[in-house]
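Read through the structure below, which is laid out as structure tokens, and then see the notes.
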Amino acid sequence: MASETNPLGLLGIEFTEFASPDTDFMHQVFIDFGFSMLKKAKANDIVYYKQNDINFLLNKSKQGFSADFAKSHGPAICSMGWRVEDAEFAFNEAVARGAKPADDAAKDMAYPAIYGIGDSLIYFIDVFGEAQNIYKNDFEDLAEPMIVEEKGFMEVDHLTNNVYKGTMEKWANFYKDIFAFTEVRYFDISGAQTALVSYALRSPDGSFCIPINEGKGNNNNQIDEYLGEYNGPGVQHLAFRSRDIVGSLDAMEGTAIKTLDIIPEYYDTIFDKLPQVTEDRDRIKHHQILVDGDDEGYLLQIFTKNLFGPIFIEIIQRKNNLGFGEGNFKALFESIERDQMKRGVL
């Protein structure tokens, strides 16, 4: 039920919608990640992909909101569907709390929606679960579905927003004031040449987080590079929660998905700091997985290089740890800077 601590009755993420001038490439990346292509929307050219509790929509429509969004941003996450108890109630309550209704948008789906980060859409979905869901109601089976072996990705752990300098607090307040997200972390991160600051917010139902990044210092940092290429603020990356990150990466070997390079010296001391890690250490080194934790637990994480324009994917496995890999920020930041140098950005 909606409550003071969860005023819209938010219950998690239902789908992420992608649009791109090159949808064939996105399709192949989804397949490489282990998503099966199952259905197509009855009303327009939207294809549905699934892996466990992660639902992707690839919008191939040539007209409408998503097509226009891709023209402005290139490959993009143009909308998300968030689960709520009552879609109309959540929409009305969001608008009453200051959200901008998306009634004027040429929406590709007939669900109530508001404008979110970078004028992407947040749809409110109150039909979800195995018994009844939007994919049964509004989609039809493909004549030739593509069923692939899943890669162990269970759900979206978090999604990170990149915003212009001076607007991080504005966007944090958007999520706090409308949805009642709570702040769980604040980061001030520096590499050799660039820096950023970040708020991490948790949804009121506790099912996912949204870190918000703002660049700091010179304009060649990774956040400003994203904003320039993407033509505005938006979703920088999605994080997939894996039940077995080593197994997931083993299954992805041979695909076109490339991950960031980590300096070998990182592994000289990491297992001394975290001796409780039970996963195969040679495989961790082989895949260049980052490890972080404390006395109570640890996490393993890895980041792809940019996949869709400036958007990338994080893979994370949590073992009694709800952090974001704070102990890895320096190594990760320097890895991103090295990648920027290779691409001529720094």
Taking segment 75-97 and the residues there that are aliphatic (A, V, I, L, M) and surrounded by fewer than 17 Cβ atoms within 10 Å (Cβ to Cβ), the one that is farthest from P233 (Cα to Cα) would be A96
Selection count where residues are surrounded by fewer than 16 Cβ atoms within 10 Å (Cβ to Cβ), under 19 Å from N52 (Cβ atoms) and among the aliphatic types (A, V, I, L, M), scope segment 98-147:
3
Do you know which of the residues in segment 68-104 that are among the basic types (K, R) and part of a loop (DSSP other than H, G, I, E, B) is farthest from I117 (Cα to Cα)?
R97
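Here is a yes/no grid of residues against (1) among the hydrophobic types (A, V, I, L, M, F, W, C); (2) modelled with pLDDT of 95 or more:
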{"site": "D244", "(1), (2)": "no, yes"}
{"site": "E265", "(1), (2)": "no, no"}
{"site": "V277", "(1), (2)": "yes, yes"}
{"site": "G293", "(1), (2)": "no, no"}
{"site": "E326", "(1), (2)": "no, no"}
{"site": "E334", "(1), (2)": "no, no"}
Can you name every residue in segment 15-37 that is on the phi < 0 side of the Ramachandran plot and part of a loop (DSSP other than H, G, I, E, B)?
S20, P21, D22, F33, F35
Of the residues E140, E150, E130, only one is more than 21 Å from the chain's Cα centre (by Cα), at pLDDT 95 or above and either more than 22 Å from A76 (Cβ to Cβ) or not assigned by TED's automatic domain parsing to the domain that holds F15 (or both); which?
E140
Check segment 50-65 and report whether any residue there is of a type in the set (A, V, I, L, M, F, W, C) and free of Cβ contacts under 8 Å to residues at least 24 places away in the same chain.
no
Which one of these is closer than 17 Å to N231 by Cβ and modelled with pLDDT of 95 or more: A90, A76?
A76
Quick check on my filter: what residues within segment 41-59 are more than 18 Å from the chain's Cα centre (by Cα) and surrounded by fewer than 19 Cβ atoms within 10 Å (Cβ to Cβ)?
K42, A43, N44, D45
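Residue by residue, here is whether (1) surrounded by 18 or more Cβ atoms within 10 Å (Cβ to Cβ); (2) touching a residue at least 24 places away in the same chain (Cβ under 8 Å); (3) in contact with a Gly (Cβ under 6 Å, 6 or more places away or on another chain); (4) under 23 Å from I189 (Cβ atoms) holds:
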| residue | (1), (2), (3), (4) |
| --- | --- |
| Y267 | no, no, no, yes |
| I289 | yes, yes, no, yes |
| D292 | yes, yes, yes, yes |
| L300 | yes, yes, no, yes |
| L307 | yes, yes, no, yes |
| R338 | no, yes, no, yes |
Out of (1) surrounded by 16 or more Cβ atoms within 10 Å (Cβ to Cβ); (2) farther than 30 Å from E253 by Cβ; (3) of a type in the set (S, T, Y); (4) outside the structural domain of K39 (by TED's automatic domain parsing), what's the single condition that is false for T160?
(2)
State all residues of segment 130-146 that are small (G, A, S) and closer than 22 Å to A87 by Cβ; if no residue qualifies, say none.
A131
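The values are calculated or read from the model by the stated rules, or taken from the named source; none is laboratory data. Since the model is a prediction, treat every value here as computed from it, not as a measurement. Neighbour counts run over all protein chains shown; Cβ positions are idealised from the backbone, glycine included.
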